[in-house]
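A.B. asks: Got a structure for you, questions after.
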């Protein structure tokens, strides 16, 4: 869980949207490494902890993959989604809002994002982008490959220079 910068560890949604239980286990991995580096636990004790945490993470990720497969919206079902169905949960954008924008002539996925805010929430479109792309494809009769996807935009948060300087001077 250590980042490319020494002594900076990451866990949770900044490493990938996987939910609170996975984030907690990732935090335990990072904490174990930190405790080992600070000398609070031995390498042997850390290895034992790593093993049990990684085993739990593997199980959680298998379960997540199974859920994603079960609940994936199959292409043929998209035509049955009514206009009141929420497509972007983060910004509460409905299928009807997306279809209305498409009917008005806006068929570029990034333009739809700008107009409706679909994909601008905390998940950054990870959950709704494929569904929106499918709706555009169905409504415009474009192949899905031509619809495209959002331009990747990493979540950015300002960091005071003093914090960066503090870590670089150590």
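A.B. asks: Going by the conditions given, is residue 122 loosely packed, with under 14 Cβ neighbours inside 10 Å, outside the structural domain of residue 18 (by TED's automatic domain parsing) and under 30 Å from residue 32 (Cβ atoms)?
C.D. replies: Values: loosely packed, with under 14 Cβ neighbours inside 10 Å: yes; outside the structural domain of residue 18 (by TED's automatic domain parsing): yes; under 30 Å from residue 32 (Cβ atoms): yes.
For residue 122, the condition - loosely packed, with under 14 Cβ neighbours inside 10 Å, outside the structural domain of residue 18 (by TED's automatic domain parsing) and under 30 Å from residue 32 (Cβ atoms) - is met.
A.B. asks: Would you confirm whether or not the stretch 19-39 contains a residue that is part of a helix (DSSP H, G or I), within 30 Å of residue 85 (Cβ to Cβ) and touching a residue at least 40 places away in the same chain (Cβ under 8 Å)? Steps first, please.
C.D. replies: Taking the stretch 19-39 and keeping what is part of a helix (DSSP H, G or I), we get 20-37.
Going one step further and asking which of them are within 30 Å of residue 85 (Cβ to Cβ), we end up with 20-23.
Filter once more, keeping what is touching a residue at least 40 places away in the same chain (Cβ under 8 Å): 22.
Checking the stretch 19-39: at least one residue is part of a helix (DSSP H, G or I), within 30 Å of residue 85 (Cβ to Cβ) and touching a residue at least 40 places away in the same chain (Cβ under 8 Å).
The values are calculated or read from the model by the stated rules, or taken from the named source; none is laboratory data. Since the model is a prediction, treat every value here as computed from it, not as a measurement. Note that we place each Cβ from the backbone using ideal geometry, even for glycine, and neighbour counts take in every protein chain shown.
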